[in-house]
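Engineer: Got a structure for you, written out below as structure tokens; questions coming shortly.
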Amino acid sequence: MSVVQRQSRYQRVVHLLRWLAHTPWPILALDLLRANVIGALFTFAFLRFGMPYEYTVKLDEISTANQAVFIAYLGLAMAVGAFISIWLTLPVLVWHRRRSRLDNEMARNRALRLPVLLTGVNLVLWAVGGVVFALLNLSASGTTALIVYVASVIGGFVSCALGYMQSEKVLRPITVSAMANDPTTAVAPSVTVRITLFWCISVVVPLIAMVALVLGQQNGIVNTDAEGLQRPLLWLAVAALAFGLIGLVRLVSAVADPITQLRRAQHQVRNGNYNTSVRIYDGSDLGLLQAGFNEMVGDLREREQLRNLFGRYVGEDVARRAIETGTELGGEERYVGVLFVDIVGSTRLAVNRPPREVVDLLNEFFRVVVETVGRHGGFVNKFQGDAALAIFGAPLDLDDFAGHTLAAARELRIELDVALGETDIGIGVSAGKAIAGHIGTQERLEYTVIGDPVNEAARLTEMAKDEPTRVLGSARAVYLASDEEAECWDIGEGVELRGRGIETRLARPKFALVVEEDDLVSDPSDSVPKGPVGASHTGGGEPADADDDEERSAV
């Protein structure tokens, strides 16, 4: 091999190590090394204190060959372990660094299995080491070889258990990316398996060792007396407590972290934040729980969006009633108040103004209608071009539905005069018995109110356009209203509205409302109209001329 080739390979290795220094691999390697050190200490402590004094391995009795083999195997195992861990993690780290989550399926799948793979490599190295040291001590005695092998197995389990839990924690950011596409493909031990394995290592194995020592001593297999069993039994108990505490802390953290995360996210959802989600960083059933929570919140978010959208189209009260009671076709008889408001000369507006300006005008018009009607307990049932139909008393019951309807009409006239300026409107009010419910088909339905009050309000709106007040109500609505609201209206002449065939007595606002310098002044003594903001008179209204339009003030 030439010098140039050696330098090039050396530079690639240096570049790789520098790149790895900026990834989770150094932390992962240190955690695995720490887990192996703990396992090795556990093994030596077991050989020194975990057996009766007659079977303990003393440092000064370890042969030179054993020491040499131990040092050689330790270096070889560390080199092989580091090489294999880099080989296993490098595609995952490159994939995660470049965020090509959907492009490299192999790297994504390996990322999900990486803690298990690294633990498997560690377990194999410990198993091979146990066999090697057992064979070295076989020449001394079979019992010594067996004790060394058992100690190596126990140390390997301790090292692998701690290494798996720590590597899973270190690799959580990568697991989040790997599970972002399809959480159900993750393969990891479930919480039940983890708890069972931890229980076996920290409780079952020490207990089995204790029972084996006692039974061996009683049957003559272990050559010691009862006093000689005290030290190993005490050591096994202390070791079980120490390892159990270390493993329990990590196990509880692995289980409690996602649960705590879910509780915090649940609290946010309870407070109305449907945009929250949790990171899926566990491949076990905890990860599936995290994924299920995200799916559930997504469904809730979609339902809330549909509910809000549904409420905007049909009204919040109708949407809430539909959710609570269903949307069966048909209706029920109700006493309702009906308010109809329409813009005068909308066809001329469309001709004389740009379309965008007309749309802005209509949006402002509907905004005022919705807000005013809502303040009085009603809801806007329909937008019909440049008109709106508002219902009071359906689908939810409303005390004094007629009074609220009349009051909303008076206030709406003032609010629209302020908001729309020169744009003229007409308002008609009626009340009485109607059918309120869903009509249409199961595939396409609509909540509406059908009955004579709706037709009467629509006809009164047409007449109101020629009234100075631009507001007309029916005497029936005034009779059904509370005394307080009825005093604000005068009952006038009777007329026969188009298409009804019966007489309707008209009602007009009883007094004018004028706003001057933020003071609301009512003057019921005025009998002369003061523009369209409701002058009192009991006779039929005359059509408003151009001068009336110019004298109308914004209140």
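The values are calculated or read from the model by the stated rules, or taken from the named source; none is laboratory data. Note that the structure is predicted; figures quoted are calculated from it, not measured. Please note: Cβ atoms are built from the backbone with ideal geometry, for glycine as well, and neighbour counts cover all protein chains shown.
Engineer: Could you run through the range 445-479 and say how many residues are among the basic types (Lys, Arg) and more than 22 Å from residue 383 (Cβ to Cβ)? Before the answer, list the steps.
Structural biologist: In the first step, residues of the range 445-479 are kept if they are among the basic types (Lys, Arg); the result is 459, 465, 470, 476.
Those still in the list that are more than 22 Å from residue 383 (Cβ to Cβ) too: 476.
Adding up the residues that qualify gives 1.
Engineer: Among the residues in the range 219-228, are any at pLDDT 80 or above, crowded, with 20+ Cβ neighbours inside 10 Å and more than 27 Å from residue 86 (Cα to Cα)?
Structural biologist: Looking for residues that are at pLDDT 80 or above, crowded, with 20+ Cβ neighbours inside 10 Å and more than 27 Å from residue 86 (Cα to Cα), one finds none in the range 219-228, hence no.
Engineer: Scan the range 485-496 and report the pairs whose first residue is modelled with pLDDT under 90 and whose second residue is of a type in the set (Ser, Thr, Tyr) and in a strand (DSSP E or B), with Cβ atoms within less than 8 Å and a gap of 6+ or a chain change.
Structural biologist: Every condition considered, the pairs that remain are 494/504; 495/504; 496/504.
Engineer: Against the definition (within 22 Å of residue 205 (Cα to Cα) and more than 45 Å from the chain's Cα centre (by Cα)), how does residue 127 come out, yes or no?
Structural biologist: Working: within 22 Å of residue 205 (Cα to Cα): yes; more than 45 Å from the chain's Cα centre (by Cα): yes.
In short, yes.
Engineer: If you go through the range 244-255, how many residues are of a type in the set (A, V, I, L, M, F, W, C), out of contact with any Phe, Trp or Tyr (no Cβ under 7 Å at 6 or more places or on another chain) and under 18 Å from residue 34 (Cβ atoms)? So that I can check it myself, show each step before the final result.
Structural biologist: Filtering the range 244-255 down to residues of a type in the set (A, V, I, L, M, F, W, C) leaves 245-246, 248-249, 251-252, 254-255.
Now drop any that are not out of contact with any Phe, Trp or Tyr (no Cβ under 7 Å at 6 or more places or on another chain), which leaves 245-246, 248-249, 252, 254-255.
Add one more test, that the residue is under 18 Å from residue 34 (Cβ atoms), and what stays is 245-246, 248-249, 254.
So the answer is 5.
Engineer: Being among the polar types (S, T, N, Q) and not in a helix (DSSP H, G or I) is the filter; apply it to the range 107-151 and report the residue that is farthest from residue 76 (Cα to Cα).
Structural biologist: It comes out as 141.
Engineer: Moving to a separate point now. Residue pairs, Cβ under 7 Å, 6 or more apart or interchain, first in the range 40-55 and surrounded by fewer than 19 Cβ atoms within 10 Å (Cβ to Cβ), second assigned to a helix (DSSP H, G or I) and of a type in the set (Ser, Thr, Tyr). List them.
Structural biologist: none
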